Structures are given as C-alpha cells and as structure tokens.
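All remarks here apply to the structure that follows.
No value in this document is a laboratory result; all are computed from the given coordinates. Since the model is a prediction, treat every value here as computed from it, not as a measurement. Glycine gets a Cβ as well: all are built from the backbone with ideal geometry, and neighbour counts include every protein chain shown.
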Amino acid sequence: MKNQFNLSVDDIPKKWYNILPDLPEPIPKPKDPPTGPSRVENLPNLLLKECLRQEFSDERWIAIPEGVRELYAKAGRPRPLFRATRLEEFLGTPARMYYKSEFYSPTGSHKVNTALAQAYFAVKEGYDHLSTETGAGQWGTALSYACSIAGIKATVFWVRAVHSWKKDRLAFMQMLGSDVYASPSDQTACGRELLKEDPEHPGSLGIAVSEGLEMANENDNVKYSLGSVLNHVLLHQTVIGLETMAQLKAAEVEPDVMCSCLGGGSNFGGFALPFLGQVARGKADIKFIAAQSEVAPNLQGEYRYDHADHAELTPMLKMYTLGHHASMDPIRGDGLRYHAAAPVLSVLRKHGLIDTVAYPKDERHVFERARVFVQNEGFLPAPESAYSVACAIDEALRCKRTGEDRTIVFNISGHGFMDMVGYQAVLGM
Ligand SMILES: *Cc1c(COP(=O)(O)O)cnc(C)c1O
C-alpha cells in the first residue's frame, strides 16, 4: 500500500491563500482601547510594511516571491504526506489516517514557514535586524534560523523561567548567531525597571513582548516579528494546507475530518484554511477539530475584543479569548498556552465551522497517544503536536466503534527531539 505522497520542488505553492474575502462575514477591524496612545496608528513603526499590507489584504491569492519559494526549498519543502498504515492496523480502525510532516523542519517546527518570509521581507525593506519574544522557544529558534539564512540579526527575548532550563534550545539559537536574552533583561527600559525590583524575575510572555516591541520602537533599523495569531502569519502558513490539498488529490481521497493542535492558531490555520475556504464557499464538507489543553481552551472562551499581549501594547482584536490576564497552569505542550485564538479562526468558529476538544492538563492521555504513534509510525511529535495525534487517534477509535470508514487528516506541527524531559516526566520513564 502506498504510504507516502510527495510533490516536487516545482510544486511548492506559488501563492499563499488569503481567506479574508471568503469569510462568512468580514473580519472585525483591530481597534484601540478607550485610553492610552493609539496602538493601531503605531503598527507601522513596529511591523514590516509587507506584513502589514498582507494583514489587511482582500486579495484571495497573494504571490509568494520567488526568493521565498527558494528559501522554502532550502528548508526542505514540500514536506511529505504520509498514510499512517501501521497505526491504522494497530488501532484496528476502518478509518484512513494521513499526516502532514511539518516535523521535517530545520528547527523542528512549522514556524519556519513564516519566519523565512518575514526575514526575506525585512531584507527587501532595508532592515538588518528583527526582534521578537519566545516562550517555549520554538518561535525564537525559527526566527533565529531565518535571520541567519537571510544574513540579518535576530534578538530574542526569552521568558527567563524557560530560558533557564532549555539549555539545548538556547545553544541552538546562539549557534545560529542570535542575541538571546533572558527576559526581563537589561537591554530595555521596561526590563531594567523589573530587574530593579527582582534581579531573578521569572518573566512572562507579556514582558518579553514588551521588550521586543520597545527595541523595535526605539531603533530605526529594527522591526518586530510575530510567530502566530495575526492574519499574515496564518497566510504564510497556508503552504502547509495547499501542499496537503495537492497530496490528497494525488492519493485520490477527500478528507472527512481534519485536526491539528491550536495555541494561537498558526499551524491549525495554515493546515486547515485552504480547506475551510472551500467549506465556507459550500464546495466541501469537512469536520475540523482544534486540539487544545484544558489550561488554555481559548476557543471555548468569549468572542470579544481583547489585547493580543499581556502588557496591552498591541491593538485589540476580536477573537475567542480567555482574557489577556488569564492565568494558565504550566504544561509541557507550552506552545498551546495562549489566551486567545487567531481572529480569522475565531470568525469561522463563530459560524460553527471549527470544533474543539480540550485535553486534561496532566497530559497523560495525549502523551500516551504520542507513544502509540511513535511506536507504530516512528516519528516523535513535539509535545504540542501530541495533541493533534491524540485527537486523530481518538477520532479513529470512534470510527472503530461506529464502523465508519472516514478519512482523517492531521498535521504534526513539529518534532519532539528537544522535549524528551517533558515526555519522561509525564510518562514516568
Ligand atoms: C508554537 C507551536 C505550536 C502552537 O502555536 P500555533 O500558532 O497554534 O501553531 C504548535 N506546535 C508547535 C510545534 C509549535 O512550535
């Protein structure tokens, strides 16, 4: 039985898919909070011009520059789609299971798809430096890689509580040539202020965002780069779904169920949006499931305007949110700990096009499912991707009970080579 479906380098998509014109209702515009300076007007000082243009574009297809397609090829795109033949057999399910392999990434995750595009646009616009924040570390590594390839500088503000124990990932970012600071740091006014109170301040994603934004605000050669949530980030990620669509066609199957994990929504969106666009236009019938953690079930939150960051430096976006000050217990799938879901996915959720499941915070169920996956298919998913795997296996077992021979397609957003301690701790190995 054929178990790998691949494309050639020439098949790397030539256009990103922008779902904005196909949404069931126009996406609500970003707005300012009632008090303080205008965050909306300040956006051009922080973000690259091309990213901002894409953020609000109503063109359905946006050309991928030839230079970015070359970078995608260098990063190993297109990535294979596998049929999980061994897993299907092990589960004894009548369902067919296919998975997209974003774990074949130089830095271990799908985040390189937007990092490469952003670094490319930075160079085009004459900037020699990008700043950003990172929590779990996957985004900081992806941007470090992209800036290194593009020949520009990356400064990464990394939440101190994570920076202090993920030594492998820190070394990787430094090897790529980035300046990596435990946040709060002595590089910014807001960091210095917090360090005065507590020299060992554990930091937070919100503080790290504030430091990165301050650096971009105060230096003419620096722009700020985001790794999830915003429209342009999900746009860049649609190469995942566009490739998957061509591969499913080659496999001569149509998906019934598609699932992936969702933190801010970039891998889920990248994977699902090209298909969601078809569903929104009445051209396909697919069930979409976002796999989340019960510590951050943002798709079950309220649909309202909220800040994208803790420090309230970003404009307010209309999205499903738990509130930007929600406290979320630590989990190993740290990339899923975010308070809100991307605005485009939120609109689709509001119209009933996206289902969600939230797994228990002890992570035993999802990591046991990842163990079954690695024992049968051989690839080690990132802790976040384990949620996607668990969701797909749960669906396959449901099909076993009901006897449905459905086609389940899932995305594996990254590999877990740098996260064994998480698996060890939860699975008690
Ligand atoms: C960052 C990350 C996630 C979560 O972020 P999204 O924007 O929701 O995709 C999931 N998986 C991996 C491997 C990640 O690095």
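Which percent of the Cα-Cα distances in the range 185-326 go past 21 Å? Percent of Cα pairs beyond 21 Å in the range 185-326: 56.
When only the Cβ of Lys, Arg, Asp and Glu is charged (+1, +1, -1, -1), the dipole of the range 324-373 relative to its Cα centre reaches about 80 debye. Stokes-Einstein diffusion for the chain, with the hydrodynamic radius set to the Kirkwood value over Cα pairs and evaluated at 4 °C in a medium of 1.567 mPa s, equals 60 µm²/s.
Taking other C-beta atoms within 10 angstrom as a stand-in for reagent exposure, Thr93, Thr238, Thr356 fall in the order Thr356, Thr93, Thr238, fewest first. Summing Lys and Arg as +1 and Asp and Glu as -1 over all other residues whose Cβ lies under 14 Å from the Cβ of Pro80 gives a net charge of +1. Gyration tensor analysis over the Cα atoms of the range 144-223 returns equivalent ellipsoid semi-axes of 21, 17, 8 Å (largest first, whole Å). Per-residue extension of 0.36 nm, minus the Cα-Cα distance of Arg401 and Asp285, leaves a gain of 39.6 nm for this segment. Only one residue of Asn45, Thr314, His365 has its Cα farthest out toward the positive end of the dipole of the chain, where Lys and Arg carry +1 and Asp and Glu -1 on Cβ, and that residue is His365.
Around Gly277, what is the net charge, scoring Lys/Arg as +1 and Asp/Glu as -1 over all other residues with Cβ under 11 Å from its Cβ? Cβ neighbours under 11 Å give a net charge of +2. Relative to the Cα centre, the charge distribution of the chain, modelled as +1 at Lys and Arg Cβ and -1 at Asp and Glu Cβ, gives a dipole magnitude of about 960 debye. Across the cross-link table entries Lys15/Lys223; Lys2/Lys400; Lys49/Lys124; Lys15/Lys153, which are compared at the Cα atoms, the separations over 18 Å belong to Lys15/Lys223; Lys2/Lys400; Lys15/Lys153. Sorted largest first, the spans of the alpha carbon positions of the range 85-168 along the three principal axes are 54, 33, 15 Å. Pairwise Cα distances in the range 33-96 exceed 16 Å in 72 percent of cases. With Cα atoms as the point set, the radius of gyration and Dmax of the range 29-162 evaluate to 18.9, 59 Å. Applying both filters, DSSP loop and at most 15 other Cβ atoms within 10 Å, to the trypsin sites (Lys or Arg not before Pro) of the range 1-36 gives Lys2, Lys14. Could you work out the local net charge near Pro315, counting Lys and Arg as +1, Asp and Glu as -1, over the other residues with Cβ closer than 15 Å to its Cβ? Net charge around Pro315: -1.
The Cα center of the range 24-74 and the Cα center of the range 278-350 differ in position by 18 Å. Think of each Lys and Arg Cβ as +1 and each Asp and Glu Cβ as -1; about the Cα centre, that makes the dipole of the range 362-429 roughly 200 debye.
Rank by packing, highest mean first: peptides 75-83, 322-330, with packing defined as the count of other Cβ atoms within 10 Å averaged across residues.
75-83, 322-330
Ordered by the number of other Cβ atoms lying within 10 Å of each residue's own Cβ, fewest first, Cys190, Cys261, Cys147 fall into the sequence Cys190, Cys147, Cys261. Taking Rh as the Kirkwood radius computed over C-alpha pairs, what is the Stokes-Einstein D of the range 228-273 at 10 °C in a medium of viscosity 1.306 mPa s, expressed in µm² per second? Taking Rh from Cα pairs, D becomes 146 µm²/s. Helix screen, the chain: DSSP H segments with Cα axial length of 15 Å or more and mean Kyte-Doolittle hydropathy at least -0.5 are 112-124, 138-150, 205-218, 231-250, 266-280, 383-402. Going from the residue with the fewest nearby Cβ atoms within 10 Å to the one with the most, Trp61, Trp158, Trp139 rank Trp61, Trp139, Trp158.
Quotient of the Cα radius of gyration of the range 334-428 and 2.2 N^0.38 Å, N being its number of residues: 1.17.
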